[in-house]
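Working notes for the structure below.
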Amino acid sequence: MTRPSLLVTRRLPQVVEAQLAASYDVALNRSDTPLTPAEFREAIQRFDAVLPTVTDKIGPEVLDVPKAQTKILANYGVGYSHIDIEQAKTHGIAITNTPDVLSECTADLALTLMLMVARRAGEGEREIRSGVWDGWRPTHLMGTKVTGKTLGLVGFGRIGQEVAKRAHFGFDMEIVVYNRSPVAPEILARFNARQVRTIEELLPLSDFVSLHCPGGAGTTALIDGPRLDLMKEDAFLINTARGEVIDEAALAQALMFDTIAGAGLDVFEREPRVNPLLAQCDNLVMLPHLGSATQEARRAMGLRVLANLNDFFEGKTPRDRVA
Ligand code: DGY
């Protein structure tokens, strides 16, 4: 029996590539450079399955083909706002993602950003590396205490809850939640959290605001100028979700005019390009989309993709089917 053909668009951990190759007729992208739209178009017409990542923009440009050979886009990653679901559906293409296995590591990174920006760790590191540190002094790089502060979470799915766990039990923080749908009282009770009805209500209450909602059209520029104005002057904004959720020009302005105290970003509107205004802000910590970047999470994500592919080609509904 011929094995289904599979294109893997980026390099994956070795063990994952080996396991995929054991079951599928795998084409690897050895150069590890993002596919061009033309290459993706060709792939959709040639491979039974494609394993894309966030660096593949799968919109009308690549999905507008006479006939797709691809039956499943088994996305490597939990977020799938880079895939035009409606267009994929017109070809009957199934879509899966990789939830759960990266929630802890992404939450760890949100806490990393909170601590780095509040304690001015990026500024301190830059100071040492540039050789200008002139020793301890009582007023040097004074930051903001994290313990005991109020954390506002926008989105309270799996990652939001992992952040709440760390912040509440590790840093004694008070948790306030905004979520589109009501959160079960027993889940809120785990973190002694309370849910508010609007983002407008959450922002002025929070010392830290951390974003954990999906990206895509529904949340583009969710945090815009007027909403940044609702944050406290000494509050920090953290984003490990998707870049488009923040209006970056408005954020740069808020950081430059100190209308908020600082921000920590792991994701950007036009990755890998970063708005040059942001790079000028000292009260900003930036990381290159590292949320799930641990050996453990990246391996587990790959194995989850494999399980989804196996289910699909065995005629079962994949556990992580999102469309
Ligand atoms: C995710 O899993 O969504 C990460 O951001 C990588 O795409």
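Key figures for this structure:
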| read-out | value |
| --- | --- |
| Computed over segment 103-286: relative contact order in percent, which uses C-alpha pairs under 8 Å that are six or more apart | 21 percent |
| Given charges at Cβ of Lys, Arg, Asp, Glu: segment 103-286 dipole, positive-most of T150, I246, M231 | T150 |
| Ranking by accessible area, most exposed first, for F257, F312 with a 1.4 Å probe | F257, F312 |
| Selected from G135, G243, G148 as most flexible by GNM, with the chain as the system and alpha-carbon contacts under 10 Å | G135 |
| Point-charge dipole on Cβ atoms (K/R +1, D/E -1) for segment 103-286, about Cα centre, debye to 20 | 400 debye |
| Farthest positive-ward along the chain dipole, Cα basis, beta-carbon charges - from Q45, A22, G135 | A22 |
| Qualifying trypsin sites (Lys or Arg not before Pro) in segment 94-151, DSSP loop, other Cβ atoms within 10 Å at most 11 | K145 |
| ³J(HN,Hα), Karplus 6.51/-1.76/1.60, whole Hz, each residue of segment 19-30, x for Gly, Pro | 5, 5, 5, 6, 10, 10, 8, 8, 10, 9, 9, 5 |
| For the chain: accessible area per residue (Å², 1.4 Å) | 49 Å² |
| Geometric extent, Cα atoms of the chain - Rg, Dmax (angstrom) | 21.2, 73 |
| Helix-only mean residue ellipticity at 222 nm for the chain, each DSSP H run of n ≥ 4 adding -39500 (n - 2.57), per residue, nearest 500 | -9500 deg cm²/dmol |
| DSSP bridge pairs, segment 103-286: antiparallel proportion in percent, nearest 5 | 5 percent |
| About the Cα centre, charge dipole magnitude for the chain (Lys/Arg +1, Asp/Glu -1 at Cβ), debye | 760 debye |
| With at most 12 neighbouring Cβ atoms within 10 Å, loop GluC sites (Glu not before Pro) (DSSP) excluded, longest segment of the chain | 1-232 |
| Solvent-accessible area, 1.4 Å probe, carbon plus sulfur percent, for segment 103-286 | 52 percent |
| Segment 188-247: trypsin sites (Lys or Arg not before Pro) in DSSP loop, at most 12 other beta carbons within 10 Å | R197 |
| Percentage relative contact order, the chain, counting C-alpha pairs under 8 Å, at least six apart | 17 percent |
| In order through segment 202-214: 3J(HN,Hα) via Karplus (6.51 cos²θ - 1.76 cosθ + 1.60), integer Hz, x for Gly, Pro | 6, 4, x, 8, 9, 7, 10, 10, 10, 9, 9, 9, x |
| From phi via Karplus (6.51, -1.76, 1.60), per-residue ³J(HN,Hα) for segment 286-301 in Hz, x at Gly/Pro | 10, 10, x, 6, 9, x, 9, 7, 10, 3, 5, 5, 5, 5, 4, 4 |
| Share of carbon and sulfur in the accessible heavy-atom surface of segment 24-98 [1.4 Å probe, %] | 50 percent |
| Hull volume in cubic angstrom per residue (convex hull over the Cα atoms of segment 103-286) | 118 Å³ |
| Normalised contact order of segment 236-291, rounded percent, pairs of Cα under 8 Å and 6 or more residues apart | 42 percent |
| DSSP bridge orientation in the chain - percent antiparallel, rounded to nearest 5 | 5 percent |
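The values are calculated or read from the model by the stated rules, or taken from the named source; none is laboratory data. All figures in this text were calculated on a predicted structure; none of them were measured in a lab. All Cβ positions, even for glycine, are placed from backbone atoms using ideal geometry, and neighbour counts span all protein chains on display. We work out accessible area using only protein heavy atoms, side chains counted, and drop any ligands, DNA or RNA first. Shrake-Rupley method; radii C 1.70, N 1.55, O 1.52, S 1.80 Å.
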